[in-house]
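The values are calculated or read from the model by the stated rules, or taken from the named source; none is laboratory data. Source: prediction; values computed, not measured. Positions of Cβ are backbone-derived with ideal geometry, glycine not excepted, and every protein chain shown enters the neighbour counts.
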Amino acid sequence: MTTDVHVFEAHAPDADLDDLRARLAAARLPEPETVRGTPQRWDQGVPLADLADLVEYWRTGYDWRSFEERLDRIGQFRTTVDDLGIHFLHRRSARADATPLLMTHGWPGSVAEFVDVLDDLADPADVDAPAFHVVAPSLPGFGYSDKPATTGWGTEKIAAAWVELMGRLGYHGFAAHGGDWGGNITTVLGGRFPEHVLGIHTTFAEGPPGLTTDGLTATERRWTEETHHFWRHRAAYAKQQATRPQTIGYALVDSPIGLLAWILDKFAEWSDTEDSPFETISRDRVLDDVTLYWLTRSGASAARIYYESHNSLDPGLRVDVPSAITMYPRDIEKYPRPWAQERYRRIIRWTEPEAGGHFPSLEVPGYFVNDLREGLAAVLATPR
């Protein structure tokens, strides 16, 4: 590491936690939704009973300090890139043959998405499994990274900052993984910085625009229809954050109930569950994520990544480094392989699991780790 990298420890003031509990106790909640039944009861958003139960647990049972301690045990650091402070987790492997791996989260996620998988990736119990030195940064405006004070921090600039970050850690060649915005950034990394990126694994594989459905299988056509339906009927949050992040930001920074509902809605809708995200994701992990947003007051600043980069992936960008792609069945965007390979021109491994949604490291962590290992092993074994 260079001297530009500094150890960071998380510790929220007791007064901030007391204020959170007081706000939760004084919450004003609306009347119940007017739809009933499963899954229809979610049609208008987060049901009142579900939110009220989670708010009570957040106020009386949830332990933020244990999450802070876990982050510290993993290893937290900060550095400054282009005058912006960047926070990251750095879990080094004990293995001499470990490969540097950059993992990038998205929205409404955070580094909380990765805490359950970092140890297995760094020091697998199976000595024959690949091991990784894992670096998981917080996106600009998210968590303990600084909030940009000017425009310009879109995915292209973030990708360049990640290359600088990895270089400061001594990782001049590395693999990269991401989903959601992290998948977009991983695509930019593979396309713009092939001299540094050994290969990528992503759950996001957006093809170039204007491709035809001719020749697609029935399943692939269904994927395109579901993705189109999502963006036409279920993506009001993205339009809001892409056009008016400051406006929604007031509610997200001032009201813990508003923040919780805004984020919980996505964990519920985008996970591979029938009625509740807690069928596969723990309440604590969701609250770790939401509380991190709350304590860092990053509701508005995180939303601005949509203002900076919504629909901005360069149509002409091509990825020539080896790529492994996983399409989880309940993810919100699924692109057929014939479309993906128009952009990712060296797809070494393509996987379609039977279960999992938008948050696989939380929903199916065991499968996620094995799939990531096997995908990157195939990628790293491919001659460049």
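Before moving on, here are some points about what is shown:
- If you check Gly182, Gly167, Gly191 for being outside any loop (DSSP other than H, G, I, E, B) and over 24 Å from Asp83 (Cα atoms), only one passes: Gly191.
Every residue, every condition in (1) under 22 Å from the mean Cα position of the chain (by Cα); (2) buried (at least 16 other Cβ atoms within 10 Å of the Cβ); (3) on the phi > 0 side of the Ramachandran plot, yes or no:
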position: Ala12; (1), (2), (3): no, yes, no
position: Pro30; (1), (2), (3): no, no, no
position: Pro47; (1), (2), (3): no, yes, no
position: Asp50; (1), (2), (3): no, yes, no
position: Arg65; (1), (2), (3): no, no, no
position: Val81; (1), (2), (3): yes, yes, no
position: Gly85; (1), (2), (3): yes, yes, no
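- In the set (1) under 18 Å from Pro256 (Cβ atoms); (2) small (Gly, Ala, Ser); (3) surrounded by 15 or more Cβ atoms within 10 Å (Cβ to Cβ), the condition left unmet by Ala26 is number (3).
Yes/no matrix, rows are residues, columns are (1) within 21 Å of Asp116 (Cα to Cα); (2) of a type outside the set (Phe, Trp, Tyr); (3) modelled with pLDDT under 95:
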residue: His228; (1), (2), (3): no, yes, no
residue: Leu252; (1), (2), (3): no, yes, no
residue: Leu264; (1), (2), (3): yes, yes, no
residue: Phe278; (1), (2), (3): yes, no, no
residue: Asp289; (1), (2), (3): yes, yes, no
residue: Ser309; (1), (2), (3): no, yes, no
residue: Pro315; (1), (2), (3): no, yes, no
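- Looking only at region 14-28, and only at residues there that are under 27 Å from the mean Cα position of the chain (by Cα) and among the hydrophobic types (A, V, I, L, M, F, W, C), the one that is farthest from Ser255 (Cα to Cα): Leu17
- Verdict on Ala94 being out of contact with any strand residue (DSSP E or B) (no Cβ under 9 Å at 6 or more places or on another chain), crowded, with 23+ Cβ neighbours inside 10 Å and either modelled with pLDDT of 95 or more or not in a strand (DSSP E or B) (or both): no
- Selection from region 144-189 of residues that are surrounded by fewer than 19 Cβ atoms within 10 Å (Cβ to Cβ) and at positive phi: Gly152, Gly170
- Residue within region 110-125 that is closer than 24 Å to Ser361 by Cα, touching a His at 6+ places or on another chain (Cβ under 6 Å) and in a loop (DSSP other than H, G, I, E, B) present: no
- Subset of region 343-384 [of a type in the set (Asp, Glu) and buried (at least 16 other Cβ atoms within 10 Å of the Cβ)]: Glu363, Asp371, Glu374
- Boolean, Gln246 is under 22 Å from Trp181 (Cβ atoms) and either surrounded by 15 or more Cβ atoms within 10 Å (Cβ to Cβ) or small (Gly, Ala, Ser) (or both): no
- All positions within region 159-189 that are in contact with a strand residue (DSSP E or B) (Cβ under 8 Å, 6 or more places away or on another chain) and closer than 20 Å to Glu308 by Cα: Ala161, Trp162, Gly178, Gly179, Trp181, Gly182, Gly183, Asn184, Ile185, Thr186, Thr187, Leu189
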